[in-house]
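J.: Just passing along the structure, written as structure tokens.
The values are calculated or read from the model by the stated rules, or taken from the named source; none is laboratory data. Model, not experiment: these values are computed from the prediction. No Cβ is skipped: glycine too gets one built from the backbone with ideal geometry, and neighbour counts run over all protein chains shown. Heavy atoms of the whole protein, side chains included, go into the accessibility calculation; ligands, DNA and RNA do not. Shrake-Rupley method; radii C 1.70, N 1.55, O 1.52, S 1.80 Å.
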Amino acid sequence: MTLLREAIGDSLRRARLAQSRTLREVSTSARVSLGYLSEVERGRKEASSELLAAICAALDVPLSRVLWDVSTIMAGADGLPADAPAQTADAPEAERTAAAESAEAAPEPATATMSVAGARTQIAEDTRIVIPAPRADMLVLVKSN
């Protein structure tokens, strides 16, 4: 099981290393002790939201990007795709059964025609195109001005 603090630390470390920066540089910029930043990156300390915001600002990475990365790591650790809907174990059986039955009774979705390189293909109207998030070890951060 991956702990949240470990996933946050992994994400922060990858962001720092992608910028070829040292712990000392980031700790100075974030006004966090070198030792504490090291502990956060190794997943040994739970960082407060204020501390995370300071570290992200020092790395010039939006906190939302780090949290997105962390959610991807956590979903992968749970064996779920990152966009998997949440299932609650405490939902009454009748509700789950009713939801399954209504899904089975739903009318067939409309279709659309798509032409790719001269070939025509029927695609259901409710088809979603899913572009997978970058793998956690492939995170690329770009600084924009």
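J.: Take each of the peptides 19-29, 56-66, average the number of other beta-carbon atoms within 10 Å over its residues, and list them starting from the highest.
T.: Put in order of decreasing packing, that is 56-66, 19-29.
J.: Let me make sure I get this right: for the range 4-51, a, b and c are the square roots of the gyration tensor eigenvalues over alpha carbons, sorted descending. Under 1.5 in a/c it's rounded, otherwise prolate if a/b > b/c, else oblate. Which is it?
T.: Taking the square roots of the gyration eigenvalues as a ≥ b ≥ c, the range 4-51 is oblate.
J.: Pull out a ≥ b ≥ c, the square roots of the eigenvalues of the alpha-carbon gyration tensor of the range 37-80, then state rounded if a/c is under 1.5, prolate if not and a/b is larger than b/c, and oblate in the remaining case.
T.: oblate
J.: Using each residue's phi in the range 53-62, evaluate 6.51 cos²θ - 1.76 cosθ + 1.60 at θ = phi - 60° and report the 3J(HN,Hα) Karplus result to the nearest Hz, with x for Gly and Pro.
T.: 4, 5, 5, 4, 5, 5, 8, 6, 10, x
J.: Which value, in Å², gives the accessible area per residue of the range 1-64 when a 1.4 Å probe is used on the protein heavy atoms?
T.: Accessible area per residue, the range 1-64: 56 Å².
J.: Residue-wise, which Karplus ³J(HN,Hα) couplings in Hz belong to the range 18-28, taking 6.51 cos²θ - 1.76 cosθ + 1.60, θ = phi - 60°, and x for glycine or proline?
T.: 4, 9, 6, 10, 8, 4, 4, 4, 5, 5, 5
J.: Sticking with this structure for a sec: Tell me the net charge near R31. Cut-off is 13 Å between Cβ atoms, R31 excluded, with +1 for each Lys or Arg and -1 for each Asp or Glu.
T.: Value of the local net charge: -1.
J.: Additional query: Pull out the extension gain between T2 and L17, defined as 0.36 nm times the separation in residues minus the alpha carbon to alpha carbon distance; nm, one decimal.
T.: 3.3 nm
J.: Using R₀ = 22 Å, calculate the FRET efficiency as 1/(1 + (r/R₀)^6) where r is the Cβ-Cβ separation of A75 and S33; round to 0.05.
T.: Efficiency, rounded to the nearest 0.05: 0.10.
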